[in-house]
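Accompanying notes for the structure given below.
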Amino acid sequence: MSTPAVSPAPQAAPGEAGDIFNVGQAVFLKGAQYCGQPGRVLKVSHGKAKVWWVDLDYIGHHACNSLMLAEVVKEGL
C-alpha cells in the first residue's frame with residue numbers, strides 16, 4: 001500500500017498569516033497601516049505577538065495573522 005503524496009504548504013507572502021515575526025521588527029495592524037507609527041515586536045509566543053505601540057505608549061497582544069511587516073507597507077507606496 002502506498003502512502004499519499006503530501007502537498008507542500010502554500011507559501012505566505014511577507015506579513016501574511018503564517019508569518020513568524022522576530023523581536024524588534026516594525027509592524028502595523030492590517031487595515032491600519034497608514035495610521036501612526038509602526039509598533040515594535042517585543043515577544044512572540046503561541047501565535048500571538050506582544051507589540052509596543054510607541055506613539056500610543058501602549059503594549060498590546062495581537063494574533064500574528066492580524067499584523068503585517070512595516071517594510072511591506074513601504075514597498076506598496
> Placing +1 at every Lys and Arg Cβ and -1 at every Asp and Glu Cβ, with all other atoms neutral, what dipole size does region 26-76 have around its Cα centre, in debye to the nearest 20?
Replying inline: 220 debye
>> Rounded, prolate or oblate for region 26-76? Axes are the square roots of the Cα gyration tensor eigenvalues, ordered a ≥ b ≥ c, and the cut-off for rounded is a/c under 1.5.
In response: oblate
>> What does the charge count around Lys50 come to, taking other residues whose C-beta lies under 13 Å from its C-beta (Lys +1, Arg +1, Asp -1, Glu -1)?
In response: +3
> Among Gly60, Gly36, His46, whose Cα sits farthest toward the positive end of the charge dipole of region 26-76 (+1 at Cβ of Lys/Arg, -1 at Cβ of Asp/Glu, about the Cα centre)?
Replying inline: His46
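Any read-out appearing in this document is the output of simple, stated calculations on the displayed coordinates, not a laboratory observation. Note that the coordinates shown come from a computational prediction; the quantities given were computed from them, not determined experimentally. Backbone-built Cβ (ideal geometry, glycine too); neighbour counts: all protein chains shown.
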